[in-house]
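Novice: Before I ask anything, let me first share the structure, which is written out below as structure tokens.
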Amino acid sequence: MDDTLSRRSLITGAAATAGSLLASPSRASDPAITEIQPWNQELGSPVDAAPYGMPSQHEADTVRRNVEWLTADTTSSINFTPLHRLEGIITPNGLCFERHHSGVADVDPAKHRLMVNGLVDKPLVFTMEDLQRFPRENKIYFLECAANSGMEWRGAQLNGCQFTHGMVHCVMYTGVSLRTVLAEAGVKATGKWVMPEGADAAAMTRSIPMEKALDDCMIAFAMNGEALRPEQGYPLRLVVPGWEGNMWVKWLRRLEVGDMPWHHREETSKYTDLMADGKARRFTWEMDVKSVITNPSPQAPVTHGKGHTVLSGLAWSGRGTIKRVDVSTDGGRNWVTARLDGPSHGKALHRFYHEFDWDGGELLLQSRAIDSDGNVQPTKDALRAVRGTESIYHNNGIQTWHVRRGGEVENVEVG
Ligand SMILES: Nc1nc2c(c(=O)[nH]1)N[C@H]1C(S)=C(S)[C@@H](COP(=O)(O)O)O[C@H]1N2
Ligand SMILES: [Mo]
């Protein structure tokens with residue numbers, strides 16, 4: 001059954017009936033149209049009321065949220081992007097999820113330095129002003145925490161795409177390529193790894209292979225046109241496109257070039273994928289092809305009743321662009337190709353839509369993304385068959401939302 005309501009049938013259908021399919025003629029007596037509203041009679045607020053603007057008071061639900069039981073305290077913790085309230089592919093700065101190991105560092109940019117040392121010809125120390133004299137680039141990338149959807153490995157758990165998939169954000173970064181900064185110091189032939197270090201109390205350190213460092217990594221000082229937010233690493237963060245979030249060191253203060261990674265010297269247990277046989281997958285840095293339907297979803301039920309319905313969602317891959325997204329309304333038995341809309345950047349979020357005529361019956365909504373590398377998003381069962389259920393990281397399985405007759409939506413699993 002093809003439940004797609006095409007643009008053509010929508011237009012001819014509308015012409016055949018008295019009015020629009022989407023608006024009711026009975027609204028002519030709606031007080032919202034017959035009564036003059038207060039905002040139509042009173043002066044509004046002046047231009048100096050909000051030197052830094054905030055969203056409408058009616059959008060108070062569009063906020064980051066945390067899950068209380070997830071972490072012992074809210075300093076070394078995480079909150080989630082409200083994906084169900086967002087449009088397009090860009091995450092507004094104030095809504096980007098946050099993950100900190102030791103809270104948000106409050107760094108004075110005038111006293112912030114970036115040191116490049118280790119296996120380099122000349123160790124260098126840059127001020128923020130120095131860095132801003134290198135040629136700049138602007139790139140749109142998603143950042144996904146490797147633990148995104150991690151609570152769903154053993155079964156459907158959290159009721160909302162904000163919580164199941166909200167450890168992802170996508171912004172335009174402005175900064176300098178890491179290649180440029182490393183070239184300034186001169187990497188020695190023995191330098192095979194770059195080890196970024198943060199200026200927060202966690203002094204977060206990660207290890208990045210030189211090949212990736214010289215490929216598309218950036219040292220960013222701005223996001224979506226303004227300075228980085230403190231939560232996102234103000235005044236400087238590393239951008240590691242397509243790779244797991246923990247490598248994107250915030251409050252970046254040092255890049256040490258070495259011949260072996262930190263995790264050969266320190267702990268090896270973190271950021272590995274524990275499998276059923278007790279072995280762990282390591283160096284699983286690239287984020288796999290993934291998608292989620294953001295609307296309808298548990299926090300965004302269908303409230304308009306049956307008829308024309310807009311399904312919307314996000315897809316992304318750490319290996320390139322999104323070539324296609326399929327959508328199912330019957331739990332994966334039948335699939336239709338969704339409509340991708342908006343810009344398609346490699347290693348960035350992509351927006352998809354599926355307009356359909358809801359008959360008011362129960363639905364099992366799923367989306368399946370395919371990237372430019374040919375990777376197909378797997379079902380959760382297919383993923384578990386290979387990786388078991390002991391892992392926290394890299395869960396890119398297909399999400400199912402159960403739409404009930406009343407329009408409420410629930411996180412479920414099928415088959
Ligand atoms: N210095 C520092 N960098 C850090 C972290 C941190 O705690 N300290 N957390 C990492 C983790 S695990 C993730 S997922 C991302 C989160 O980036 P965001 O807070 O901008 O969403 O930052 C990474 N960079
Ligand atoms: Mo993370």
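The values are calculated or read from the model by the stated rules, or taken from the named source; none is laboratory data. No experiment lies behind these values; they were computed from the predicted model shown. Cβ: placed from backbone, ideal geometry, glycine included. Neighbour counts: every protein chain shown.
Novice: Name every residue in region 18-52 that is closer than 30 Å to residue 335 by Cα and modelled with pLDDT under 70, in order of residue number.
Specialist: 20, 21 - these are the residues of region 18-52 that are closer than 30 Å to residue 335 by Cα and modelled with pLDDT under 70.
Novice: Considering only residues that are within 16 Å of ligand 2 (Cβ to nearest atom) and part of a helix (DSSP H, G or I), look in region 223-256 and name the one that is nearest to residue 193 (Cα to Cα).
Specialist: 247
Yes/no matrix, rows are residues, columns are (1) modelled with pLDDT of 95 or more; (2) in contact with a Gly (Cβ under 8 Å, 6 or more places away or on another chain); (3) polar (S, T, N, Q); (4) more than 16 Å from ligand 1 (Cβ to nearest atom):
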residue: 172; (1), (2), (3), (4): yes, yes, no, no
residue: 190; (1), (2), (3), (4): yes, no, yes, yes
residue: 197; (1), (2), (3), (4): yes, no, no, no
residue: 205; (1), (2), (3), (4): no, yes, yes, no
residue: 210; (1), (2), (3), (4): yes, yes, no, yes
residue: 220; (1), (2), (3), (4): yes, yes, no, no
residue: 223; (1), (2), (3), (4): yes, no, no, no
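Novice: Also, I was wondering about something else. For residue 137, state whether it is more than 28 Å from residue 260 (Cβ to Cβ), over 20 Å from the mean Cα position of the chain (by Cα) and away from ligand 2 (no atom under 16 Å from the Cβ).
Specialist: yes
Novice: Checking the structure you have, find out if any residue of region 195-204 is without any contact (Cβ under 8 Å) to a residue 24 or more places away in the chain, assigned to a loop (DSSP other than H, G, I, E, B) and surrounded by fewer than 20 Cβ atoms within 10 Å (Cβ to Cβ).
Specialist: Checked region 195-204: at least one residue is without any contact (Cβ under 8 Å) to a residue 24 or more places away in the chain, assigned to a loop (DSSP other than H, G, I, E, B) and surrounded by fewer than 20 Cβ atoms within 10 Å (Cβ to Cβ).
Novice: May I pose another question? Considering each of 41, 37 in turn, give the residue that is within 30 Å of residue 310 (Cα to Cα), surrounded by fewer than 16 Cβ atoms within 10 Å (Cβ to Cβ) and more than 16 Å from ligand 1 (Cβ to nearest atom).
Specialist: Checking each option against the conditions leaves just 37.
Novice: Taking the options 373, 381, 341, 359, name whichever one is surrounded by fewer than 17 Cβ atoms within 10 Å (Cβ to Cβ) and closer than 19 Å to residue 144 by Cβ.
Specialist: Testing whether each residue is surrounded by fewer than 17 Cβ atoms within 10 Å (Cβ to Cβ) and closer than 19 Å to residue 144 by Cβ leaves just 373.
Novice: Exactly one condition in (1) surrounded by 15 or more Cβ atoms within 10 Å (Cβ to Cβ); (2) free of Cβ contacts under 8 Å to residues at least 40 places away in the same chain; (3) within 22 Å of residue 251 (Cα to Cα) is false for residue 62; which is it?
Specialist: Residue 62 satisfies all of (1) surrounded by 15 or more Cβ atoms within 10 Å (Cβ to Cβ); (2) free of Cβ contacts under 8 Å to residues at least 40 places away in the same chain; (3) within 22 Å of residue 251 (Cα to Cα) except (3).
Novice: Here's something else I'd like to know. Looking only at strands (runs of 3 or more DSSP E) that fall completely inside region 70-179, which ones have 3 or more residues that are surrounded by 21 or more Cβ atoms within 10 Å (Cβ to Cβ)?
Specialist: 137-144, 168-177
Novice: Of these, 292, 327, 302, 310, which one is touching a residue at least 24 places away in the same chain (Cβ under 8 Å), loosely packed, with under 15 Cβ neighbours inside 10 Å and closer than 21 Å to residue 162 by Cβ?
Specialist: Every option except 310 fails the conditions.
Novice: Of the numbered conditions (1) under 22 Å from residue 296 (Cα atoms); (2) free of Cβ contacts under 8 Å to residues at least 60 places away in the same chain, residue 152 satisfies every one except a single condition; which is it?
Specialist: For residue 152, the failing item is (2).
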